[in-house]
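> Sharing a structure with you now.
Rule-based calculations on the coordinates, nothing more; no lab input. Note that the coordinates shown come from a computational prediction; the quantities given were computed from them, not determined experimentally. No Cβ is skipped: glycine too gets one built from the backbone with ideal geometry, and neighbour counts run over all protein chains shown.
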Amino acid sequence: MFDLIIRNIMNRKVRSALTVCGIALGIFAVIVMGAMSENFHQTFERSMSVTSDKIRVFAESGVFGGGLTDDKVSDVLRVAGVKDAYGLLMTTFDEDKMGMTGKQILGVPLKNPVLPFLRLS
């Protein structure tokens, strides 16, 4: 029985090599998918820990329409437990690419900079 196995492997070298390559590729794919899954899990946990205590407030017109006025920001600041509130400007960098595609520009008012060490001169 064992000699039949060895003889078939030696007689069909291409098929045997392809089988070994297929098995190695399958093992590699399982390892890579496991590593990617772990990376996605860590990224998700990190993003949740950074944003879990924050609430986003949008204007009545939605995410991409208009922004929060200073009056609305003042209203949000008056809510109990709110530590900080500010308006955020979000627009597309490329005028011809509207929506979620393309580069985006984000900005905060200079009177309340998120990064106080950045100053415009």
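> Net charge near residue 19, counting Lys/Arg +1 and Asp/Glu -1 over other residues with Cβ under 12 Å of its Cβ?
Details: positive: 12, 13, 15; negative: none.
Result for the local shell: +3.
> Starting from 0.36 nm per residue, how many nanometres of slack lie between residue 83 and residue 35 once their C-alpha separation is accounted for?
13.5 nm
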